[in-house]
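Everything on this sheet refers to the single structure shown next.
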Amino acid sequence: EVDWFSLASILFLLMFAPLIVYYFIMSCDQYQCSLIDPLTDLLTGNKHLSDIWNKTPMLTYRAAAIYTLWVAFQVLLYVFVPDFCHKFIPGYVGGVQEGAVTPAGVVNKYEINGLQAWIITHLLWFANAYYFHWFSPTIIFDNWIPLLWCANILGYAVSTFAMIKGYLFPTNAKDCKFTGNFFYDYMMGIEFNPRIGKWFDFKLFFNGRPGIVAWTLINLSYAAKQQELYGQVTNSMILVNVLQGIYVLDYFWNEAWYLKTIDICHDHFGWYLGWGDCVWLPYLYTLQGLYLVYHPVRLCTANAVGILILGLIGYYIFRMTNHQKDLFRRTNGNCKIWGKKPEYIECSYMSVDGTKYYSKLMTSGFWGWARHFNYTGDLMGSLAYCLACGFEHILPYFYIVYMTILLTHRCLRDEHRCFSKYGKDWKRYTAAVPYRLVPGIF
């Protein structure tokens with residue numbers, strides 16, 4: 001059942017999330033990244049909405065061609081080019097991998113080839129920039145707002161198609177969820193794993209491609225624009241490219257592990273993932289680089305090193321926390337965490353068919369510090385991206401505010417699910433690990 005608060009939140013996001021994206025990008029384009037000046041102009045009558053809209057670049061044939069080629073190229077790499085990286089890169093897990101068991105008991109297979117797609121895409125990007133010169137490295141920045149309209153068209157199209165597909169020809173009818181509320185079903189999705197053919201999985205494709213592959217290309221285009229405008233690339237822009245590049249590469253290196261995360265294991269595919277991955281992710285996760293095009297920041301050496309260290313420590317915590325959990329699961333606790341056998345709490349739960357299952361919740365290592373300490377590392381990295389932009393404007397700090405809200409909400413969502421699943425065993429676990437994100441505080 002959909003409670004009134006969930007429905008109100010969903011209606012708010014459906015109405016205002018696209019406007020929020022537009023407002024941020026428009027503020028950079030027309031107001032030098034000020035979030036206050038557009039509102040001031042409107043409230044004082046200096047400008048009308050029509051004035052701002054009329055100055056906004058519209059959809060162009062060039063942008064439509066660029067975006068169509070981009071998405072088609074990523075579909076080609078995803079569906080038709082089997083992974084070969086796992087054959088020669090030690091430690092990398094690619095190729096055909098199995099996902100988690102769905103609620104209907106299905107185990108889907110995936111072609112894990114995101115790292116390969118990222119490498120091929122970026123090799124072509126640099127080959128063009130330094131040798132072929134088919135297009136300018138600033139092409140993304142130069143068409144940024146027209147590309148926004150293309151991304152919205154795809155986001156709404158794929159979300160609407162996924163909903164129609166869930167009603168008329170679902171991949172697996174037993175993995176569909178109908179609440180009876182149109183807005184909830186449209187946003188949160190009906191099908192658990194909508195697919196076309198054997199390998200095109202909507203969730204994995206749109207989560208990783210085209211948005212995350214584009215993330216580093218977008219930042220590179222920003223750096224190229226900074227070079228074009230000012231004759232140099234600032235150390236802050238380099239920091240943003242490096243730190244966010246590490247995050248992107250980590251995602252693709254661990255793409256097989258991602259099959260066990262909340263997005264794939266619990267979320268259905270609707271507007272939240274479809275539009276969010278097409279529009280929200282590439283446009284708002286890259287605000288720091290966009291801001292630095294309009295306001296180049298030259299950090300002193302001490303600040304640059306401090307921000308780099310914060311970002312690297314955050315990444316280390318994020319990665320090692322997830323590694324400890326993955327190792328614990330794969331070995332069923334028969335491993336060593338920080339040089340000793342991990343501590344854990346035995347839990348049991350009952351499935352829908354009445355079968356009793358057992359599992360273990362680790363209470364040592366980073367997981368003994370806080371129940372979601374991987375999110376803490378993620379937030380440290382997010383803060384580092386923002387700090388690289390200085391303190392002149394609040395716009396680049398939207399990311400840390402958003403990530404704090406998102407990950408705190410995920411904590412609560414995950415814990416509600418775990419309490420429903422484990423009952424009194426979950427209470428024992430929370431007593432052993434009392435903090436969610438920050439030891440001693442929260």
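What length, rounded to one decimal in nm, is gained on full extension from residue 357 through to residue 230, with 0.36 nm per residue of separation minus their alpha-carbon distance?
Details: separation 127, 0.36 × 127 = 45.72 nm, distance 6.18 nm.
Result for the pair: 39.5 nm of gain on full extension.
If I take R0 = 35 Å and measure r between the Cβ atoms of residue 20 and residue 76 in this structure, what FRET efficiency does the formula 1/(1 + (r/R0)^6) give, to the nearest 0.05? All intermediate terms of the calculation are to be shown ahead of the outcome.
Working: r = 32 Å, r/R0 = 0.92.
E(calc), rounded to 0.05, equals 0.60.
Give me the percent of accessible area attributable to carbon and sulfur for the chain, probe 1.4 angstrom. Kindly include the intermediate steps, with their values, before the conclusion.
On the way: 13980 of 21040 Å².
After summing per-atom areas, the C and S share lands at 66 percent.
I need the calculated FRET efficiency for the pair residue 265 and residue 7, taking r as the beta carbon distance and R₀ as 35 Å, to the nearest 0.05. Kindly include the intermediate steps, with their values, before the conclusion.
Values: r = 25 Å, r/R0 = 0.70.
So, using R0 = 35 Å, E works out to roughly 0.90.
Under 5 Å between amide H atoms, partner at least 5 residues away or on a different chain: which partners does residue 35 have, H built in plane at 1.01 Å?
394, 395
Rg to Rh ratio, region 131-257, alpha-carbon atoms and Kirkwood radius? If you can, show how the numbers build up before the last one.
On the way: Rg = 19.0 Å, Rh = 17.4 Å.
So for region 131-257, dividing Rg by the Kirkwood Rh gives 1.09.
Taking the simple approach of a point 7 Å from Cα along Cα-to-Cβ for both residue 64 and residue 35, what is their distance in nm?
3.4
Sequence neighbours fewer than 8 away in the same chain don't count; with that in mind, list the lysines whose C-alpha is under 22 Å from residue 225.
Cα-Cα hits under 22 Å: 55.
What whole-number value in Å² describes the accessible area per residue of the chain for a 1.4 Å probe?
48
Using the reciprocal of the averaged 1/r over all distinct C-alpha pairs, how large is the Kirkwood radius of region 94-160 in Å? Display every interim value, and only then the final one.
Working: mean 1/r = 0.0643 Å⁻¹.
Evaluated on region 94-160, it is 15.6 Å.
For residue 96, list long-range residues whose amide hydrogen, built 1.01 Å from N in the peptide plane, is under 5 Å from its own amide hydrogen.
112
In nm, to one decimal, how far is the modelled label at residue 89 from the one at residue 416, with both set 7 Å along Cα→Cβ?
3.7
Would you mind classifying region 304-441 by shape? Square roots of the alpha carbon gyration tensor eigenvalues, ordered a ≥ b ≥ c; an a/c under 1.5 is rounded, otherwise it is prolate if a/b is larger than b/c and oblate if not. Before the final figure, lay out the partial values.
Values: a/c = 2.87, a/b = 1.77, b/c = 1.62.
Since a/c reaches 1.5 and a/b is larger than b/c, the shape of region 304-441 is classed as prolate.
Please list, short to long, the whole-number percent of alpha-carbon pairs of region 58-298 in consecutive 10 angstrom bins beginning at zero.
7, 30, 34, 21, 7, 1
So for region 340-442, taking the charge dipole from beta-carbon charges (+1 Lys/Arg, -1 Asp/Glu), which of 406, 433, 348 sits furthest toward the positive end?
348
Calculate, axis by axis, the spread of Cα positions in region 186-247 along the three principal axes, and write the results as whole Å, longest axis first.
Principal axes ranked by extent give 49, 22, 19 Å for the Cα atoms.
So for the chain, Kirkwood radius off the Cα pairs, Stokes-Einstein at 10 °C and 1.306 mPa s: how many µm² s⁻¹? Don't jump to the answer; show the numbers that get you there.
Values: Rh = 23.5 Å.
After rounding, the answer is 68 µm²/s.
Relative to the first principal axis of the alpha-carbon coordinates of the chain, what is the inclination of helix 61-80, with its axis defined by its Cα atoms, in degrees from 0 to 90 and to the nearest 10?
For helix 61-80, the angle is close to 30 degrees.
Given Cβ point charges of +1 (Lys, Arg) and -1 (Asp, Glu) and nothing else, what value in debye, to the nearest 20, does the dipole of the chain about its Cα centre take? Could you put the intermediate results ahead of the total?
Working: 33 positive and 29 negative charges, 265 e Å.
The dipole of the chain has a size of about 1280 debye.
Ranked from highest to lowest mean number of other Cβ atoms within 10 Å per residue, what is the order of the peptides 147-154, 25-32, 344-351, 204-211? Before the final figure, lay out each step's value.
Working: 147-154: 20.6, 25-32: 18.0, 344-351: 14.9, 204-211: 23.8.
Top of the packing list down: 204-211, 147-154, 25-32, 344-351.
Take the Cα pairs of region 365-442, get the Kirkwood Rh, then feed it into Stokes-Einstein at 37 °C and 0.692 mPa s and tell me D in µm²/s. Show your work: numbers first, answer last.
Details: Rh = 13.8 Å.
The Stokes-Einstein estimate is 238 µm²/s.
Once the Cα atoms of helix 4-31 and of the chain are each reduced to a long axis, what angle between those two axes, in degrees from 0 to 90 to the nearest 10, is obtained?
The two axes meet at around 30 degrees.
So what are the ³J(HN,Hα) numbers for region 166-179, from phi and the Karplus equation (6.51, -1.76, 1.60; θ = phi - 60°), rounded to whole Hz, Gly and Pro as x?
x, 7, 9, 8, x, 5, 9, 4, 6, 9, 9, 10, 10, 9
The values are calculated or read from the model by the stated rules, or taken from the named source; none is laboratory data. All figures in this text were calculated on a predicted structure; none of them were measured in a lab. Because the Cβ atoms are built from the backbone with ideal geometry, glycine has one as well, and the counts that use them run over all protein chains shown. What goes into the accessible areas is simple: the full protein's heavy atoms, side chains included, and nothing from ligands, DNA or RNA. Shrake-Rupley method; radii C 1.70, N 1.55, O 1.52, S 1.80 Å.
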